[in-house]
Amino acid sequence: MFRKNKGKAGEVVVTDEDKKIIDEILTPYWTGKDYATNFVGSLPEETRFHDVRAGPQEHDHDDGRRPGTSIMRHSQNWTPDWNKLLTRGVKGIREEAQAKLAALSNPRDLVHKRPFLEAVIMTCDAMTTWSRRYAKLATELAAKEKDQQRKKELQEIAEACEWVPEHPARTFREALQAQWWGQMFNRIELTSSSMGQGRWDQYMLPFYRKDLAEGRITEESATELLHCVWLNMQQCVEIKLNPVAAAGTEGFSKFEDICLGGQTPDGKDATNELTYLILESTRDWRSPPPNRACAFTRTRQTGCCTMSRKSSGRQGLPEAAQRRAGDSFYLANGGNPPGGASTGTSRLHGEPPDQQGDQRHRQRRNQLRLGR
């Protein structure tokens with residue numbers, strides 16, 4: 001199928017060795033094990049056909065009530081808790097899941113919660129195994145490398161991949177590496193490149209400041225590391241079997257949104273030195289990823305908004321993300337707006353609401369809480 005696109009837009013190069021792996025290893029292993037197939041197969045036949053238009057022997061998801069790819073892209077359109085991954089590592093997440101699993105006793109919990117917790121533990125183990133394979137390969141390549149600069153780079157790669165994501169990141173480089181492993185594991189489940197990046201200039205800032213203070217990095221070396229991440233994002237493109245669908249990947253926006261600026265939990269301007277470095281690193285970057293979104297709040301613009309005008313590079317970026325539009329959702333549903341470092345962009349644009357608008361949000365929240 002891939003070879004039918006040869007010479008056309010969206011071409012995927014598949015060698016004979018690749019074909020052998022696909023035919024003899026990947027296809028036999030995954031047939032019948034993917035989420036979408038099992039979800040559709042678990043539905044009663046009449047529901048299956050009516051909802052996703054799939055018969056007993058087929059999984060054609062067109063023309064049903066459910067959007068064609070909705071059950072295959074369940075992990076899209078959210079922003080993972082990157083700060084949790086960087087500060088706790090999968091070891092901490094695994095230990096939390098193991099403790100909760102050991103505490104289960106109610107039969108209902110054993111049925112409904114145990115599979116999820118076991119899946120968390122399995123995923124944590126898999127992330128560490130995958131990363132340490134790269135650490136092993138980098139070590140082997142470093143041993144053979146004669147160029148001393150490249151040898152040092154490979155040794156640094158090996159050290160980072162050996163430590164993260166298993167353990168909490170200690171440096172800016174390790175934080176970037178751990179975040180990238182988190183991206184890659186999420187991308188395994190995605191049907192497109194969409195991947196919420198959260199507030200990079202908030203959750204990466206402690207690592208950046210610490211490395212600068214200790215003389216471990218400079219602005220120039222940090223920018224180079226950022227460029228490595230941006231390049232990796234650019235290379236993550238969904239592979240399409242259908243020639244028409246494959247052509248759609250040419251120039252398609254990948255929606256890897258990074259939210260910059262905004263406000264701190266105590267309402268202050270969150271713009272900082274890393275905000276500016278990220279914007280500068282993308283000034284001459286003639287590629288959409290990452291989509292930079294400058295957040296503004298309440299009745300004022302942040303420093304990020306001012307800087308964004310100088311670094312747009314005529315790409316239509318950064319976006320102007322109205323944080324209060326997202327906050328209104330939480331207020332209207334009786335909750336409090338999140339102020340954490342992993343909060344994504346609302347991707348709704350407009351003028352910041354005035355103080356009267358804020359008062360209306362509070363009144364609406366109270367009405368909902370009172371059941372009115």
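The values are calculated or read from the model by the stated rules, or taken from the named source; none is laboratory data. As the structure is a computational prediction, the values presented were derived from the model and not from experiment. Counting neighbours? That spans all protein chains shown, and the Cβs are built from the backbone with ideal geometry, glycine included.
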Margin query: Can you list residue pairs whose Cβ atoms sit under 7 Å apart, with the first residue in region 194-221 being crowded, with 24+ Cβ neighbours inside 10 Å and the second being among the basic types (Lys, Arg)? Count only pairs 6 or more apart in sequence or on different chains.
Written below: MET195/ARG187
Item checked: Selection status of ALA135, modelled with pLDDT of 95 or more, in a helix (DSSP H, G or I) and crowded, with 16+ Cβ neighbours inside 10 Å -> yes
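Matching residues to (1) crowded, with 18+ Cβ neighbours inside 10 Å; (2) farther than 28 Å from MET127 by Cα; (3) at pLDDT below 80:
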{"site": "ASP34", "(1), (2), (3)": "no, no, yes"}
{"site": "ARG48", "(1), (2), (3)": "yes, yes, yes"}
{"site": "VAL52", "(1), (2), (3)": "yes, yes, yes"}
{"site": "ASP63", "(1), (2), (3)": "no, yes, yes"}
{"site": "TRP82", "(1), (2), (3)": "yes, no, no"}
{"site": "VAL90", "(1), (2), (3)": "yes, no, no"}
{"site": "GLU96", "(1), (2), (3)": "no, no, no"}
{"site": "LYS100", "(1), (2), (3)": "no, no, no"}
